[in-house]
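Below is one structure, written out as structure tokens; the observations come after it.
The values are calculated or read from the model by the stated rules, or taken from the named source; none is laboratory data. Keep in mind that this is a model prediction, so the values were computed, not measured. Cβ placement follows ideal geometry from the backbone for every residue including glycine, while neighbour counts extend to all protein chains displayed.
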Amino acid sequence: MVRWLVILNALVFAVACINTGGDSSADGGGAGSVCDDKGSCNECVVCANQSLCASQMSQCQQSSACTGIDQCVAICGADISCKNDCLANNPSGVSLYNAWRVCLYCDQCPSDCAGYLTCD
């Protein structure tokens, strides 16, 4: 059962790395959020982490599994297999990690970070 959940989480992560464009949700996210349209993904992410996604970032930082994923993925570069291993080794942090990434790349920075994450 645990192995199946690890595989499922890895698939969710792999799908999340495919671009489908931005989300312009009515909750303040999407193009036009106060952080988007800064001209660079990094600037938008810094802005969103300081304000609009601060809660999700804080929740991730309070979870050793979520921070483990974040630190591990940073080392992987473009290696999807490596990123999947990061998730598989920290299954209890996957939902927090994904919530934080969706807030950043889909809800608050879809223009500046277009192509970084699948946003449905």
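Points to keep in mind about this one:
- Residue check for Thr118: in contact (Cβ under 8 Å) with a residue 60 or more places away in the chain, in contact with a helix residue (DSSP H, G or I) (Cβ under 8 Å, 6 or more places away or on another chain) and surrounded by fewer than 20 Cβ atoms within 10 Å (Cβ to Cβ): yes
- Considering residues of region 88-120 that are outside any loop (DSSP other than H, G, I, E, B) and among the β-branched types (Val, Ile, Thr) only, the residue nearest to Leu52 (Cα to Cα): Val102
- Which numbered condition Asp36 misses (of (1) touching a Ser or Thr at 6+ places or on another chain (Cβ under 7 Å); (2) modelled with pLDDT under 90): (2)
- Check on Cys44, under 10 Å from Cys109 (Cα atoms), in contact with a Lys or Arg (Cβ under 8 Å, 6 or more places away or on another chain) and surrounded by 13 or more Cβ atoms within 10 Å (Cβ to Cβ): yes
- Test: Ile75 is among the β-branched types (Val, Ile, Thr), modelled with pLDDT of 95 or more and either surrounded by 20 or more Cβ atoms within 10 Å (Cβ to Cβ) or under 17 Å from Cys44 (Cβ atoms) (or both): no
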